[in-house]
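The values are calculated or read from the model by the stated rules, or taken from the named source; none is laboratory data. Computed from a prediction, not measured in an experiment: that's the story for all the values here. For neighbour counting, all protein chains shown are included, and Cβ atoms are generated from backbone atoms with ideal geometry for every residue, glycine included.
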Amino acid sequence: MDQFSHDPLSDGTAADAAAQRNDARDSLLLVARFRIEGSAEIMQVRVRNLSSGGLMADVPKPIDIGTMVEVEVRGVGWVNGRIAWVAAGRAGVAFDHPIDPQAARKPVVASSGPTKDKPIKPLF
């Protein structure tokens, strides 16, 4: 299998592969937690783009194509997928099920911020 492998669940036609790669990608830069299925080790990766069908991330070590992985995407949660391609310290993950990539763009609400019962303390 080469670095541009197809989804093993597809019929493998060129049209099928093109359809998978034509999902709108949202360029962004965020940190995600990443785990190879069956491993207890959780790595941090930098996600460079995200679509409903997958993502591209900088990975700290080589991972074989076809390896099952789990990625915790901010605003979405843990998502299952498999490594679709690898090149120059980056990997493409094809998700098992589509996600809403816009959920990763929603602002993170800090739980430790001021509340009615917990006002902001002055700096001086």
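Side notes on the structure shown:
- The residues of the range 62-98 that are touching a Gly at 6+ places or on another chain (Cβ under 9 Å) and at pLDDT below 95 amount to a single one, P62.
- Only listed residue being more than 18 Å from G89 (Cβ to Cβ) and among the aliphatic types (A, V, I, L, M), chosen from I42, I36, I63: I42
- All of (1) β-branched (V, I, T); (2) within 13 Å of the chain's Cα centre (by Cα); (3) surrounded by fewer than 17 Cβ atoms within 10 Å (Cβ to Cβ) hold for V69 with one exception: (3).
- Residue check, P8 at pLDDT below 95, part of a loop (DSSP other than H, G, I, E, B), in contact with a Lys or Arg (Cβ under 9 Å, 6 or more places away or on another chain) and farther than 22 Å from P107 by Cβ: yes
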